[in-house]
Amino acid sequence: DDNALQPPPSLPTPATLPKNPKGSSIIQCLTDDNNNELILTVDRENNPTKEGASRKDVYLKKLWHRGTYIIIRYEPCHDRNNNNNNRNNNNACANEEFVFLVQRRTSPSSNDGPSKLDPTPCGGMVRYGESYEENAKVEIFEEMGISVEMVGNNTAKDGPRSEDQEERSGTNDSHNTMKRLLTFPYEDNHVRCHGELFEVVFTGDLSQLKTRKNMNEKEGECEILPFTLSELKIRSNETAEEWTPDGLHALKLYLQYHHDHSIQRRLLRGYSGGDLDSYRLRPKPRVIFFDCDDCLYFDGWKVADHLTAKIESWCTSSSRANLPPGKAYELYKTHGTALRGLLAEGHLEDCELAIDAYLEDVHDLPIHDMLSPDQELRDMILRMDPTVKRYVFTASVRHHAERCLDALGIRDLFVDIIDTKACGLVTKHSTQAFEKAMEIAGETDPEVCVFLDDSIKNIKAAREIGWRSVLVGRVGRDCGKTVGTDHAEHEIDRIHQLPLVFPEIFIY
């Protein structure tokens, strides 16, 4: 009920409400004049309550509420004019030399202690009857004297928005712009909040910024420090204790968000970083599963064609299954693999000896005559973070994968090979194969698993279980046309392009 969210007539309007200095101690906030100010409280899913609560109760009872966090990027007008192509109205991916304004609190009255750095120098609790956007505009004007013009269509819980973050052009370069990026839940020992993160591009004169320090306000002093993006990354990683906890969390979300945009990562629902209305830090990858054939190498499907011919020959041989031509492909289409079809329809005895003999026969190929060492691939794998485990995950058999890895010169770079026998002959079209692979790798969180494969069906199954995926190869073997899938975060033409789309798993 929208009417239930309107402030009572006796409440002041947002523009006249006294501000709560971000970062003030709980004791100070409870003794300030605004301790009874009505705050918009919400449930764990960020749905507003009908009554709201006083600022005092929000603090003391750790009530879920809404808050705003504002990252300020400094771009003098002359910089924007000189580099408009890279700085387009808040939407350009932040590069390493962009300057961000960070607040250092120098007042010992801060709940976090003196000299804490805050990468979100403006923001505050959203008042009852107020939207995220209204609050952000009020806070940045009252805190720093910056007037902003909203860009984009990203109002989240306050109304419809564009999830793909469409760019807006034509804004006057003399204006400071603000854009809504994402909403995130945050909880620690002192606060429970659904924060909305905004990015402001400030184009004015730094000396004209209004801060508590140069206003001599009673809430305490602060200073504004410039940081490049690279400096922010290094400083926040190395000295987390010198940052405000919620501000540091918002900064990490911001860095993840812009990293994803810089590499054009597809955001997928169901993953930590996939929902901009409930955005979360994703876990660091701990294991990478590489498909073997047509993924670790690509030879125009020559090996694959030879395997297909061997299977067809085995199935039609009078001394083997003695099936009619084309039946092997029919079994594959019906059952996922010809082997599973042979077993299901009684053309092959379901015993280990018979299965092993079949797999040995159809994989008896002169691999070393078909593949050659790939030094570029080896060098790429050696650049990977050594703490991230590497497995070959193949629908083929171990001895075939071993021969391929030997021929490529990379066999020593993997922890192990997970083949079709290790998965109980279940294909990668099924989530059961992924569950078994995760068990072998000793992982329980699917989101720490990264999967590289050339099969769209396999990528879809990986998505169903929660693995992150990259489609390797964008031309279909059967159709010869460009293929793609919405279930992968990235699509690349060859495995050697992996550092371009997953730079975070490489150390140099």
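List the helices (runs of 4 or more DSSP H) inside segment 296-365, counting only whole elements, that have at least 2 residues being of a type in the set (D, E, K, R). Spell out how you get there, then give the answer.
Details: elements: 302-316, 327-335, 338-344, 352-362.
Hits in segment 296-365: 302-316, 327-335, 352-362.
Taking segment 319-333 on its own, how many of its residues are within 20 Å of Asn458 (Cβ to Cβ) and open to solvent by 20 Å² or more (accessible area, probe 1.4 Å)?
Qualifying residue count for the region: 3.
Which residue pairs have Cβ atoms under 7 Å apart, sit 6 or more places apart or on different chains, and have a first residue in segment 343-360 that is in contact (Cβ under 8 Å) with a residue 40 or more places away in the chain and open to solvent by less than 80 Å² (accessible area, probe 1.4 Å) and a second that is assigned to a helix (DSSP H, G or I) and aliphatic (A, V, I, L, M)?
From segment 343-360, the pairs are Tyr358/Leu339.
Leu253 - would you say it is of a type in the set (A, V, I, L, M, F, W, C) and closer than 30 Å to Lys481 by Cβ?
No, not satisfied.
Of all residues in segment 236-294, which are on the phi > 0 side of the Ramachandran plot and touching a Phe, Trp or Tyr at 6+ places or on another chain (Cβ under 9 Å)?
Answer for segment 236-294, where residues must be on the phi > 0 side of the Ramachandran plot and touching a Phe, Trp or Tyr at 6+ places or on another chain (Cβ under 9 Å): just Asp294.
Assess whether Gly336 counts as being within 30 Å of Gln497 (Cβ to Cβ) and either open to solvent by 60 Å² or more (accessible area, probe 1.4 Å) or without any contact (Cβ under 8 Å) to a residue 24 or more places away in the chain (or both). Let's see the steps before the verdict.
Numbers: within 30 Å of Gln497 (Cβ to Cβ): yes; either open to solvent by 60 Å² or more (accessible area, probe 1.4 Å) or without any contact (Cβ under 8 Å) to a residue 24 or more places away in the chain (or both): no.
Answer is no for this residue.
Which residues, counting only those in segment 53-77, are charged (D, E, K, R), out of contact with any Cys (no Cβ under 8 Å at 6 or more places or on another chain) and open to solvent by less than 20 Å² (accessible area, probe 1.4 Å)?
Arg73, Glu75
If a residue has to be surrounded by 16 or more Cβ atoms within 10 Å (Cβ to Cβ), modelled with pLDDT under 50 and either hydroxyl-bearing (Ser, Thr, Tyr) or in contact with a His (Cβ under 9 Å, 6 or more places away or on another chain) (or both) to count, how many in segment 15-52 make the cut?
Residues that pass the stated criteria total 2.
Inside segment 435-489, can you point out the residues that are touching a Pro at 6+ places or on another chain (Cβ under 8 Å) and either among the hydroxyl-bearing types (Ser, Thr, Tyr) or at negative phi (or both)?
Looking only at segment 435-489, we keep the residues that are touching a Pro at 6+ places or on another chain (Cβ under 8 Å), and these are 438, 445, 447-450, 465-468.
The answer is Met438, Asp445, Glu447, Val448, Cys449, Val450, Ile465, Trp467, Arg468.
Sort out which residues of segment 393-408 are open to solvent by 30 Å² or more (accessible area, probe 1.4 Å) and either on the phi > 0 side of the Ramachandran plot or assigned to a helix (DSSP H, G or I) (or both), and write them in order of number.
Arg398, His399, Glu402, Arg403, Asp406
Tell me yes or no: at least one residue of segment 409-426 is closer than 23 Å to Ser272 by Cα and at pLDDT 95 or above. Don't jump to the end; show me each part of the working.
Taking segment 409-426 as the starting set, the residues that turn out to be closer than 23 Å to Ser272 by Cα are none.
No.
If a residue must be buried (at least 19 other Cβ atoms within 10 Å of the Cβ) and either free of Cβ contacts under 8 Å to residues at least 60 places away in the same chain or over 19 Å from Asp188 (Cα atoms) (or both), how many such residues does segment 230-249 contain?
1
Please determine whether any residue of segment 359-378 is modelled with pLDDT of 95 or more and touching a strand residue (DSSP E or B) at 6+ places or on another chain (Cβ under 6 Å).
Taking every residue of segment 359-378 in turn, none turns out to be modelled with pLDDT of 95 or more and touching a strand residue (DSSP E or B) at 6+ places or on another chain (Cβ under 6 Å).
The values are calculated or read from the model by the stated rules, or taken from the named source; none is laboratory data. Source: prediction; values computed, not measured. A quick note on method: Cβ atoms are made from the backbone with ideal geometry, for glycine too, and the neighbour counts reach across all protein chains shown. Note: areas computed on protein heavy atoms with side chains; ligands, DNA, RNA excluded. Shrake-Rupley method; radii C 1.70, N 1.55, O 1.52, S 1.80 Å.
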